[in-house]
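Okay, structure first, notes after.
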Amino acid sequence: MLISCCTSFVVIGIPIFVLLGMRHFRNRSPRYGLEVMQMKREYVQLRLLRADLQCDWDDKNATSIATTDPSHLPLVEIPLHALELKQILGKGNFGEVYFAIYNFIPEEGNDPESCKVAVKFPKEGNSEEHKQDIYREAQMLAKMRHPNIIRLLGIVRSQTIGIVSEFMALGDLNGLLRKLGPKSKHFGVESGSEPQLGKLGLEDLVHVAIQVGSGLKYLTDRHFVHRDLATRNCFVGENLTVKIGDFGLSRDVYSSDYYRFGHGKSLLPLRWMPPESIMYRTFSVQSDVWSFGVVLWEIFSYGKQPWFGCSNDEVLRLVISGQVQRCPESCPRSVYNIMLATWKTNPENRIPIGNALDFLHEVKSNINIYLEIQAGVVDLDILEQPIS
């Protein structure tokens, strides 16, 4: 499912003529004829999309004050020959995700421009119904406008249909947390062109948590249920910018995070699911709040798998019986209290995401006290009141 532009070329599901078409596109000048007109029209659509993104955000609640109604924006169609597929980021049962370069002609000139994007193609042989589902998903995602939600740039129509979204250079949040945790041997992201980050400290973790919470609040305010909120479905860019997305890839990369119930075909993220979703397959904004608590646990445990050491069957019994995970090492008790407030058995008793976000901002404003507590400078924990 799921939402600065933003993954080797696909040979499965893309005809050979596409290779020739892309080579032809690169080797000839795109300055004349109908192609220039077509690409300019596409660029006008892209400019409309970008113009809507030039808005200011309230830092605390990340509330858009843009005046443009995104529901009236067109769903941009990007020609396949305008995409240079550079590297496969992953593949699975659903299809493939590629890193690509999107080439286009600006409205005000004939010199080509380009930006980095991620492209998701469904697997060859997927039904027409599945392709229509992807198209409807794209239409929905095109309306999402928030700095902590992956931005959809358009769709590709060819033999199949692809979704083009912004590219996040540092990959998924779970991988980054594992690389940059205090016990990791990594001291940064080892790549010549990628942004460099040092070890993640408490202040960084709170910053990450607030961004995920802000993105979820945006979705919740629009009655959008994510159903698979987890660090593997959050993506990281420069300056530790975190955005919620869902390329449909994580079910294969993180296969151990999913559980097949009975003889059904669906794989579900058991370790992130509340009791009502496990027992009755019901999902709501309240079930997303439960998942957000698990995401907080992931963040402050530096990417550990929830309920690590337990089998899926054991996790199922633990969650249904009302058990919760222990506080991660070095996690402030006030943050753990937020987790506990999201893990209420009755969905109606769970803390609203806006309130959880407010508490995280309080933690951020008192970060120096927490750091002193961690260092043993302050012995009295004055910030550890439970959340009612």
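The values are calculated or read from the model by the stated rules, or taken from the named source; none is laboratory data. All values derive from a computational prediction rather than experimental measurement. Here the Cβ positions follow ideal geometry from the backbone for every residue, glycine too, while neighbour counts run over all protein chains shown.
What number of residues within the stretch 156-189 are over 13 Å from Ala118 (Cβ atoms) and in a strand (DSSP E or B)?
Residues flagged as over 13 Å from Ala118 (Cβ atoms) and in a strand (DSSP E or B) within the stretch 156-189 amount to 2.
When Gly171 is evaluated against the numbered criteria (1) modelled with pLDDT under 95; (2) at negative phi, which criterion, by number, is the only one it fails?
Result: Gly171 fails condition (2) only.
With respect to Asn337, determine if the residue is at pLDDT 95 or above and over 24 Å from the mean Cα position of the chain (by Cα).
Considered against the rule, which asks whether it is at pLDDT 95 or above and over 24 Å from the mean Cα position of the chain (by Cα), Asn337 comes out as yes.
Looking at the stretch 336-376 only, could you name the residues that are part of a helix (DSSP H, G or I) and of a type in the set (D, E, K, R)?
Passing the criteria: Glu348, Asp358, Glu362, Lys364, Glu372.
Yes/no matrix, rows are residues, columns are (1) closer than 18 Å to Asn349 by Cβ; (2) buried (at least 23 other Cβ atoms within 10 Å of the Cβ):
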| position | (1), (2) |
| --- | --- |
| Glu276 | yes, no |
| Arg281 | no, no |
| Val285 | yes, no |
| Asp288 | yes, yes |
| Leu296 | yes, yes |
| Val315 | no, no |
| Ser321 | yes, no |
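Within the stretch 333-356, which residues are over 18 Å from Ile299 (Cβ atoms) and surrounded by 18 or more Cβ atoms within 10 Å (Cβ to Cβ)?
The answer is Lys344, Arg350.
Right, Lys143: at pLDDT 80 or above and either of a type in the set (Lys, Arg) or assigned by the TED database to the domain that holds Leu229 (or both) or not?
yes
Report yes if some residue within the stretch 69-81 is in a strand (DSSP E or B), farther than 20 Å from His226 by Cα, at pLDDT 75 or above and touching a strand residue (DSSP E or B) at 6+ places or on another chain (Cβ under 9 Å); otherwise report no.
yes
Report yes if Gln325 is closer than 21 Å to Tyr259 by Cβ, modelled with pLDDT of 95 or more, of a type in the set (S, T, N, Q) and under 23 Å from the mean Cα position of the chain (by Cα), otherwise no.
No: the conditions fail for Gln325.
Within the stretch 269-335, which helices (runs of 4 or more DSSP H) (wholly inside it) include 1 or more residues that are assigned by the TED database to the domain that holds Leu205 and small (Gly, Ala, Ser)?
The helices (runs of 4 or more DSSP H) meeting that bar are 275-280, 285-300.
Which count do you get for residues in the stretch 213-233 that are among the charged types (D, E, K, R) and not in a loop (DSSP other than H, G, I, E, B)?
Residues meeting the conditions: 3.
Looking only at the stretch 356-378, filter to residues that are within 16 Å of His207 (Cα to Cα) and of a type outside the set (A, V, I, L, M, F, W, C); which one of those is modelled with the lowest pLDDT?
My answer is Tyr370.
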